[in-house]
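Peer 1: There's a structure below that I have some questions on.
The values are calculated or read from the model by the stated rules, or taken from the named source; none is laboratory data. As the structure is a computational prediction, the values presented were derived from the model and not from experiment. Counting neighbours? That spans all protein chains shown, and the Cβs are built from the backbone with ideal geometry, glycine included.
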Amino acid sequence: MMWLLTLLQSSNEAERAAREAAERAIEAGEEMAEAGSLYLNALEAAQAPAHINEFVYLISIFLLAIFIGYYVVWSVTPALHTPLMSVTNAISSVVIVGALIAVGAEVVDGGGWSRWLGLGAVTLASVNIFGGFLVTQRMLAMYKKKER
């Protein structure tokens, strides 16, 4: 009976820790969203008087996405890594759909660049999905009882 109480206490502590981690991740995401909106407001204000180069605009969005992604991923506690891997695999599956459309697209202008880039995207997303499933499987195996 004592082991059952100990098990319930440890599961309650794990649940509490997971909830706190989720709340911290949500707070970090809200802070990043606020920073992103401030960045976009500043970008709109800077764009009003003069025209901004499209390449600079797109590169700044890309760099901002990297920055936000880094802080969102590294603020996740280990208890939430398995759901995060599942979401990453889902995103990669959406990337594969877009890449397959790019591979099969009939290009009107300029040759086969979109097909080669689509093939590269299919390859990289496939590797990402396969690796994600391996990592998820390994993490779930850590929770199984070891046979003696």
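Peer 1: Does ALA17 satisfy the condition of being of a type in the set (A, V, I, L, M, F, W, C) and modelled with pLDDT of 70 or more? Lay out the reasoning, then the answer.
Peer 2: On the way: of a type in the set (A, V, I, L, M, F, W, C): yes; modelled with pLDDT of 70 or more: yes.
In short, yes.
Peer 1: Looking at (1) on the phi > 0 side of the Ramachandran plot; (2) modelled with pLDDT of 75 or more, which is the only condition GLY111 fails?
Peer 2: Status for GLY111: all satisfied but (2).
Peer 1: Write out, first by first residue and then by second, each pair whose Cβ atoms fall under 8 Å of each other, whose residues are 6+ apart or on separate chains, and whose first residue, in the range 136-148, is closer than 16 Å to LEU80 by Cβ and in the same structural domain as PRO83 (by TED's automatic domain parsing) while the second is surrounded by 10 or more Cβ atoms within 10 Å (Cβ to Cβ) and not acidic (Asp, Glu).
Peer 2: Once the first residue is closer than 16 Å to LEU80 by Cβ and in the same structural domain as PRO83 (by TED's automatic domain parsing) and sits in the range 136-148, its partners that are surrounded by 10 or more Cβ atoms within 10 Å (Cβ to Cβ) and not acidic (Asp, Glu) give THR136/THR82; THR136/MET85; THR136/SER86; THR136/ASN89; MET139/HIS81; MET139/THR82; MET139/MET85; LEU140/THR82.
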